[in-house]
Amino acid sequence: MSIDATDRQIIAATQAGLPLVPQPYAAVAQELGLGESELCDRLRAMQKSGVIRRIAVAPNHYALGMLANGMSVWDIEDERIADLGPQVGALEFVSHSYERPRALPDWPYNLFAMVHGSDRDEVEAKRQEVATLLGAACRGSDILYSTRILKKTGLRLRSKEG
Amino acid sequence: MTLDATDRLILNHLQEGFPITPDPFHVVAQELGLDEADLLARLERMKTDRIITRFGPFFDAEAMGGAFCLCAMAVPEEDFEAVLTKVNARPEVAHNYERSHHLNMWFVLATETEEEIEAVAKSLERETGQRVLRFPKLREFFIRFRVAA
């Protein structure tokens, strides 16, 4: 998969979002001096290759009253994670869910899932729901709450052409 | 602001995806049984009120080239600020959170190549005298977030 300079221009022009107008792709295309159909073809190609995960809305958890979140972590039997991981990822209160390697002996957990709730108690209750879903395939779990943001920088798009 | 049932319907629907077609809002409005102008007005309002953080393409930084790795360290309380200064000084450190755990510092390294992830992690270990545990993403399960309808 490779993207060219025009794709990078498209990424730069849409990183902040699509305009809320009836023909958003035509508006972006005009801004870049491209045809609308070329822009759409390139967006489709990037979506197909995985450069674009999806075109969608990202709601603000805090504004929706989901004020608490915890990074729940689970030790799942290796042969069950392909089946159980997507079930955890599909839960309505889970926003991100990944399989990651264990770091034994310090860290036995291989499934990470961000759990959201209106407060800490709700997050704990939802953590129990995940535990119930995982059942005997889960050998242990923990939840980590963030106590301080130490650094937060956006991921910068490299300007070099790739 | 408060969200009504239609706002919630829109949020849930548009988290799943948005079509690449000349009149995408018209298509979505039809799917939801809404008027296109009403859909656009509601999106505009939710964006202004910061209910919507972003609306548009979500790019996979790894697919664009680049490497990312979640890392964690168990930093003794008395060394925390000194280690933090060293870790945060690296431009490769994108996010860093203190968390309630023995592993109390969690950050993301973002570099151009996998080799650089290793190099930065090892260099941080030398510099701080602490292990940097690496938790690269092996698999991602479907990411979304639904609003209670």
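We did not get these values from a lab; they are worked out from the coordinates using the rules stated. Worth saying up front: this structure is predicted, and the values here are computed from it rather than measured. With ideal geometry, Cβ positions are generated from the backbone for all residues, glycine too; neighbour counts draw on all protein chains shown.
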Among the lysines, select those whose C-alpha is under 21 Å from the C-alpha of A:LYS151, and discard any that sit fewer than 8 residues away in the same chain. B:LYS86, B:LYS122, B:LYS137
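Using the Kyte-Doolittle scale, find the helices of chain A whose mean hydropathy is at least -1.0 and whose Cα atoms extend 18 Å or more along the helix's long axis, counting only whole DSSP H runs. Numbers along the way, then the final one.
Details: long enough: A:36-49 (20 Å, -1.05); A:120-134 (21 Å, -0.77).
Taking the DSSP H segments of chain A (at least 18 Å long, mean hydropathy at least -1.0), we get A:120-134.
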What do the square roots of 5 times the Cα gyration tensor eigenvalues come to for chain B, in whole Å, largest first, as semi-axes of the equivalent ellipsoid? 42, 18, 12
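Please compute the net charge surrounding A:ALA103, taking Lys and Arg as +1 and Asp and Glu as -1 over other residues with Cβ under 10 Å from its Cβ. Kindly include the intermediate steps, with their values, before the conclusion.
Values: positive: A:ARG100, A:ARG102, B:ARG131, B:ARG134; negative: A:ASP106.
Charge balance in the 10 Å sphere: +3.
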Which value in nm describes the separation of the simple spin-label points at A:LEU67 and B:LYS137, placed 7 Å from the Cα toward the beta carbon? 3.0
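Given +1 on the Cβ of Lys and Arg, -1 on the Cβ of Asp and Glu, and no further charges, what dipole in debye does the protein assembly as shown carry about its Cα centre, rounded to the nearest 20? Please list the in-between numbers first.
On the way: 36 positive and 47 negative charges, 77 e Å.
With only Lys, Arg, Asp and Glu charged at Cβ, the dipole is about 360 debye.
For the pair B:ASP35 and A:GLU122, what calculated FRET efficiency results from E = 1/(1 + (r/R0)^6), where r is the Cβ-Cβ distance and R0 = 45 Å, to the nearest 0.05? Intermediate results must be reported in sequence, preceding the final value.
Values: r = 35 Å, r/R0 = 0.79.
Efficiency for this residue pair is about 0.80.
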Counting helices only, and only those DSSP H runs with n ≥ 4, report the 222 nm mean residue ellipticity of chain B as the sum of -39,500 (n - 2.57) divided by its residues, in deg cm²/dmol to the nearest 500. -12000 deg cm²/dmol
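Return the Rg/Rh value of chain A, two decimal places, where both radii are evaluated on C-alpha atoms and Rh is the Kirkwood radius.
Working: Rg = 20.1 Å, Rh = 18.8 Å.
With Rh from the inverse mean 1/r over Cα pairs, Rg/Rh is 1.07.
Run the helix sum for chain A: -39,500 (n - 2.57) per DSSP H stretch of 4+ residues, divided by residue count, reported at 222 nm to the nearest 500 deg cm²/dmol. Working shown, then result.
Values: 5 runs with 57 residues, N = 162.
Per the formula, -11000 deg cm²/dmol.
Taking N as the number of residues in region A:68-144, what is its Cα Rg relative to 2.2 N^0.38 Å?
Working: Rg = 11.5 Å, N = 77, 2.2 N^0.38 = 11.5 Å.
That ratio works out to 1.00.
Please work out the ratio of the alpha-carbon Rg of the protein assembly as shown to 2.2 N^0.38 Å and round it to two decimals.
Numbers: Rg = 20.8 Å, N = 311, 2.2 N^0.38 = 19.5 Å.
Ratio of Cα Rg to 2.2 N^0.38 Å: 1.07.
In region B:53-87, which GluC sites (Glu not before Pro) are in a loop and have at most 15 other Cβ atoms within 10 Å, using DSSP for the loop call?
Sparse-neighbourhood loop GluC sites (Glu not before Pro): B:GLU62.
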Assign unit charges at the C-beta atoms only (+1 for Lys and Arg, -1 for Asp and Glu), then state the dipole size of chain A relative to its Cα centre in Debye, rounded to the nearest 20. 560
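Where Lys and Arg each count +1 and Asp and Glu each count -1, what net charge lies around A:LYS48 among other residues with Cβ under 14 Å from its Cβ? Can you show the working numbers first?
Working: positive: A:ARG42, A:ARG44, A:ARG53, A:ARG54; negative: A:ASP7, A:ASP41, B:ASP60.
Net charge in that neighbourhood comes out at +1.
Taking the Cα centre as origin and putting +1 on Lys and Arg beta-carbons and -1 on Asp and Glu beta-carbons, what dipole magnitude results for region B:1-144, to the nearest 20 debye? Mind showing how you got there, number by number?
Details: 16 positive and 26 negative charges, 56 e Å.
Result for region B:1-144 is approximately 260 debye, rounded to the nearest 20.
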For region B:5-48, using Cα atoms only, the Rg and Dmax in Å read 9.7, 27
Zone residues, region A:51-67, relative to B:THR21, backbone N less than 19 Å from point 7 Å out along Cα-to-Cβ: A:54-57
With label points set 7 Å from each Cα along the Cα-to-Cβ direction at A:THR132 and B:THR6, the distance between them in nm comes to 3.5
